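Bear in mind these aren't lab numbers, they're just calculated from the coordinates by the rules spelled out. Model, not experiment: these values are computed from the prediction. Cβ placement follows ideal geometry from the backbone for every residue including glycine, while neighbour counts extend to all protein chains displayed.
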Amino acid sequence: MKKKGFGKDYAQLEEYYVQTLIDLLDKIPSTPRKGKAKADKHEYIVWQEVFDNNVQLDNDTIVHVWKDLKDWKGVEWQKEIANVTKAGYRSILSSCWYLNYISYGADWTAVCMHRMVAISRDS
């Protein structure tokens, strides 16, 4: 970290690591799927921290929103997923379904309150 000039900024270290990894993966040639003449471009799934730390992502990147910043009721994941989709990325949401939120008894009712909602990239 010192050699790269990151100081103690772990976000910069993560950004460097992920960007280096994506750049390396982009050099690997894609192979066409069965029945296709041309290979599809690589697509990536990254955790939300990568998006939050402003790593340069391809437009086809999928951002996995997994952290719930405030409480298990999902107060903050809505803002995060709105930011991700507003930036034009697709997303996967799992923050409100993590097992550490499990309780005994009828905990499925709370989980069912977090229905999947389609969020437009244009919203």
Give the long-range amide H neighbours of I92: residues separated by 5 or more places, or on another chain, with amide H under 5 Å away, using H modelled in the peptide plane at 1.01 Å from N. V63, H64, V65
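In terms of the Cα gyration tensor, with a ≥ b ≥ c the square roots of its eigenvalues, is the range 7-70 rounded because a/c is under 1.5, prolate because a/b exceeds b/c, or oblate?
Details: a/c = 3.97, a/b = 1.84, b/c = 2.15.
Judged from the Cα gyration tensor, the range 7-70 comes out oblate (a/c at least 1.5, b/c at or above a/b).
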Given a Förster radius of 30 Å and the C-beta distance between K36 and S94 as r, what FRET efficiency does 1/(1 + (r/R0)^6) yield to the nearest 0.05? 0.45
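Using per-residue counts of other Cβ atoms within 10 Å, averaged over each peptide, order 61-67, 17-23, 44-50 from highest down. It would help to have the intermediate numbers written out before the result.
Values: 61-67: 19.3, 17-23: 13.9, 44-50: 17.6.
By packing density, highest mean first, the sequence is 61-67, 44-50, 17-23.
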From the cross-link list K38/K67; K36/K79; K41/K86; K3/K27; K34/K79, which pairs have alpha carbons spaced over 31 Å apart? K38/K67; K36/K79; K34/K79
